[in-house]
Amino acid sequence: MEKNKAISLLLKDPRTRYVIIGVLVATIPFLATAGLLRSAVVILIGSILIYSVAGLGINILLGYSGLISLGTAGFMGFAAYIAAYLTMNLGFPFEITLLISIAVPVLLGLFVGLVSFRIEGIYLAIATLSVGEVLRRSFEELVGFTNSFAGMRVNYPTLFGVWSLDRNGTFVLIAVALTLAMILTHNIVHSRPGRALHAMRGSTVAAQAMGVNILRYRLFAFAVSTGLVALAGVLYVHFVRFTHPDIWGWGLSLNILALVIIGGLRSIYGTLLGAFVVFGIPSLILVRLPIIGDIPGVSFVFNGIVIVIVVLLYPRGIVSIFTDIGKLIKKTGRA
Amino acid sequence: MSSQMNALLREKEILKVSNLSISFGGLKAVDDISFLVHEKEIFGLIGPNGAGKTSVFNCITQFYRPDGGEILFRTNRGEVVDLVGKKVHDIISLGLVRTFQNVEVIRELSLLDNLLLGAHTEYKSSVISQILRLPNAKRDEREMAARAEEILEVLGILNLRDVPAGGQSYGVLKKVELARTLMTKPRIIILDEPAAGLDDGETLQFAETIKQIRDRYNLAILLVEHDMRLVMGICDRVCAINFGRYLACDIPAEIQKNKHVQEAYLGEEESDVD
């Protein structure tokens, strides 16, 4: 009896559920090894998980703090290039590379946070968009560092200097990172700093009256958000094993923003769901369809249509469809 | 510095506004206003629309920086400080909390979470240990939740503890905002037009709540209000201002009889002659 109670309590903890999701996701590449999935699908799902990590970062910024960034791709690419340069050109171990590739973009993110103290809304959107574009242009121009349009090749990571991961191992690493990112996001938003972010989004004046230091929490939001986006960048370059300036354009920033809005602002599950809709459905289903699949840029058209539908019908994101269904089941169950 | 300032407030005095002035582009919104609030007193600051009440309010809470004057306040720790020049987000930890005219609660958060937000400055643990849920952060969280539940109980809204604030009635939201101010165990709370948006019955009810809060938590309450029903019913003393200038400061009955105050509210007799 006691044991059952403890287990059901553990299952009720959202963090346990994130771990379960992580474990389930981690089995996906082995399905491919067993011949049940095509390996292209595994690479696609892996990158969807990576975009989910970046999406969690943007959700903290936009969903919880009410701040916008359109420079996501630039920051993600920045981390990817640092990771590529440090491991391939300088031979740094993966762990140190990871730390540096997150720390440097976070410093830049803190600077943007400092700027956000002065500008808001559409002006902040434009400012971050230009930061992102400046970064992308730098990837093209700084040939010595980025190899420009020739791109850079990177290997799968080697952990602790001895444990070389293959594709499946790297996929598991991504699943672990995503699980940790979900738990981190959950812990932040359901504790004192998260409530401070909520207050700041609602009204800076009221937040200050509650004793919230606006500048400190703006910086906090940008630091956490950029940290997660940078982590996504490092994972990407080590999983796809290639980076090129064209990957990090503002189209990717918009897609990550779209996945957060489509999935559901202020929802961790919504972010995952949004990533699958935005990055999964076009490549898995749409391109296979006759005629529709031949339209160039069909994924952008699809995302645009989905955003319009979601904003009109489900302003809280498609994750709210599931919560609504859950409520309905409870209601009919009680009646 | 502060030992010298301690002499500036006599015993039982908690807030002393002296010669406060602020102007916006040449218009004097507050012109040389002084008043004094005692401990455990319900003090009303009244005046017709545009009298400068809200400007006085914002000067005290440091949302505006006054051009001149002093705002002496006896803090939680018993020392006397001048609030002028303090940071807005530091005011609450000194023991002075405010509410807002248009009720600033976070709609997406539960009532409990809204109250916990009010305790933002009360946590002893660091942000890092809060994110990692270390034992000291959990202890803080439990302590604050217990405090919040007690306050919700006193205000009779404990049953709504886990409901999002978004769907609640205006009366409940006003209570939530009031409850939130109590989380930091303040010495004084400043209410910005608490009767705004309430009907007669609700206003009476809210007046009772305010009295109850004062008696239970032993704090002073500064009401900024133009609704005379509320002010006359519960205030110990009232200060009336108009056009940014001081009119009178007295018990409610005397204020009602005061000729200058009547003129301010009803218009001067001469102005009727055209």
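Just B:R161, B:R139, B:R214 to compare: in a GNM of chain B, with alpha carbon springs under 10 Å, which one fluctuates most?
Of B:R161, B:R139, B:R214, the Gaussian network model singles out B:R139 as fluctuating most.
So what's the gap between the Cα centers of the stretch A:275-335 and the stretch B:75-132, to the nearest angstrom?
When both Cα centres are located, 41 Å separates them.
Under the classification rounded if a/c is under 1.5, otherwise prolate if a/b is larger than b/c and oblate if not, where does chain A fall, given a ≥ b ≥ c as square roots of the Cα gyration tensor eigenvalues?
Rounded, because the longest to shortest axis ratio a/c is under 1.5.
How much of A:Y18 can a 1.4 Å solvent probe reach, expressed as accessible area in Å² and rounded to 10?
Surface open to solvent at A:Y18 totals about 10 Å².
Starting from 0.36 nm per residue, how many nanometres of slack lie between B:N102 and B:D90 once their C-alpha separation is accounted for?
Extending this stretch completely gives an extra 2.1 nm.
Mind checking the mean number of beta-carbon atoms from other chains within 10 Å of the Cβ atoms in B:58-69?
Partner-chain Cβ atoms within 10 Å, mean over residues of B:58-69: 1.
I'd like the accessible area for B:Y64, computed on protein heavy atoms only with a 1.4 Å probe and all protein chains in place. Round to 10 Å², please.
Roll a 1.4 Å probe over it and B:Y64 shows about 80 Å².
May I ask you to give the percent of accessible area on the protein assembly as shown that is carbon plus sulfur, with a probe radius of 1.4 Å?
Details: 17030 of 27880 Å².
Ligands and nucleic acids excluded, carbon and sulfur give 61 percent.
Let me check something: with ligands and nucleic acids excluded, how do A:K331, B:K53 order by accessible area (1.4 Å probe), largest to smallest?
So, going from the largest accessible area down, we get A:K331, B:K53.
Could you sort the residues of the stretch A:208-234 by number and keep only those whose accessible area is reduced by 40 Å² or more in the all-protein-chain setting relative to the chain alone, 1.4 Å probe?
Hits at the 40 Å² cut-off: A:Q208, A:A209, A:M210, A:G211.
Between the stretch A:133-149 and the stretch A:194-211, what's the alpha-carbon centroid distance in Å?
The stretch A:133-149 and the stretch A:194-211 have Cα centres separated by 39 Å.
Would you mind getting the accessible area per residue of the stretch A:28-132, heavy atoms of the protein chains only, 1.4 Å probe, in Å²?
39 Å²
Determine ³J(HN,Hα), in whole Hz, for all residues of the stretch B:76-85 in sequence, where each value follows from phi through the Karplus function 6.51 cos²θ - 1.76 cosθ + 1.60 and θ = phi - 60°; x replaces Gly and Pro.
Rounded to whole hertz, the list is 3, 8, x, 8, 9, 10, 8, 6, 4, x.
Between A:S148 and A:L44, with labels modelled 7 Å along Cα→Cβ, what's the label distance in nm to one decimal, could you check?
Distance between the two pseudo-spin positions: 3.5 nm.
Can you tell me how the stretch B:182-224 classifies by the Cα gyration tensor, rounded, prolate or oblate, using a/c under 1.5 as the rounded cut?
Working: a/c = 2.67, a/b = 1.69, b/c = 1.58.
It is prolate, given that a/c is not under 1.5 and a/b is the larger ratio.
Which net charge results for the neighbourhood of A:L67, defined as the other residues with beta-carbon distances under 9 angstrom from its beta-carbon, given Lys and Arg at +1 and Asp and Glu at -1?
Details: positive: A:R201, A:R218; negative: A:E120.
Overall, the nearby charge balance is +1.
Would you give the gap between the C-alpha center of the stretch B:20-39 and the C-alpha center of the stretch B:167-219, rounded to a whole Å?
The stretch B:20-39 and the stretch B:167-219 have Cα centres separated by 25 Å.
For the pair A:I307/B:Q205, report the inter-label distance in nm, with labels modelled 7 Å from Cα in the Cβ direction.
Modelled inter-label distance: 4.5 nm.
Sorted by mean Cβ packing within 10 Å, highest first, what order do the peptides A:293-301, A:255-263, A:105-113, A:44-52 take?
A:255-263, A:44-52, A:105-113, A:293-301
Just tell me how shielded B:88-98 is by partners: mean number of partner chain Cβ atoms within 10 Å of each residue's Cβ, no decimals.
Whole-number average of other-chain Cβ neighbours for B:88-98 is 4.
At 1.4 Å probe size, put A:M88, B:M5, A:M210 in order of accessible surface, largest to smallest.
Most to least solvent-accessible, the answer reads A:M88, B:M5, A:M210.
Take the alpha carbon gyration tensor of the stretch A:49-114, find the square roots of its eigenvalues, order them as a ≥ b ≥ c, and report rounded if a/c is under 1.5; if not, report prolate when a/b exceeds b/c, else oblate. If you can, show how the numbers build up before the last one.
Details: a/c = 2.63, a/b = 1.95, b/c = 1.35.
Judged from the Cα gyration tensor, the stretch A:49-114 comes out prolate (a/c at least 1.5, a/b above b/c).
Quote the accessible area belonging to A:E120 in square angstrom, nearest 10, computed with a 1.4 Å probe and with ligands, DNA and RNA left uncounted.
100 Å²
Kindly compute the accessible surface that chains B and A hide from a 1.4 Å probe when together, both sides summed, and give it to the nearest 100 Å².
Buried surface at the B/A interface: approximately 2400 Å².
Percent of alpha carbon pairs in the stretch B:106-165 separated by more than 18 Å?
36 percent
Run the simple label-point estimate for A:F242 and A:N89 please: 7 Å along Cα→C-beta, distance reported in nm.
2.1 nm
Provide the per residue accessible area, probe 1.4 Å, for chain B, rounded to a whole number of square angstrom. Display every interim value, and only then the final one.
Details: 12480 Å² over 274 residues.
About 46 Å² of surface per residue is accessible.
Determine the gain in length on full extension of the stretch A:I96-A:L114; use 0.36 nm per residue of separation and subtract their C-alpha separation, reporting nm with one decimal.
So the chain would gain 3.8 nm between A:I96 and A:L114.
With respect to the cross-link table entries B:K40/B:K175; B:K138/B:K211; B:K86/B:K211, which display a Cα-Cα separation exceeding 24 Å?
Those over the limit are B:K138/B:K211; B:K86/B:K211.
Please give me the summed charge of the neighbours of B:V17: other residues whose Cβ is under 12 Å from its Cβ, Lys and Arg +1, Asp and Glu -1.
Net charge around B:V17: -3.
The values are calculated or read from the model by the stated rules, or taken from the named source; none is laboratory data. Note that the coordinates shown come from a computational prediction; the quantities given were computed from them, not determined experimentally. No Cβ is skipped: glycine too gets one built from the backbone with ideal geometry, and neighbour counts run over all protein chains shown. Only protein heavy atoms, including side chains, enter the accessible area calculation; ligands, DNA and RNA are left aside. Shrake-Rupley method; radii C 1.70, N 1.55, O 1.52, S 1.80 Å.
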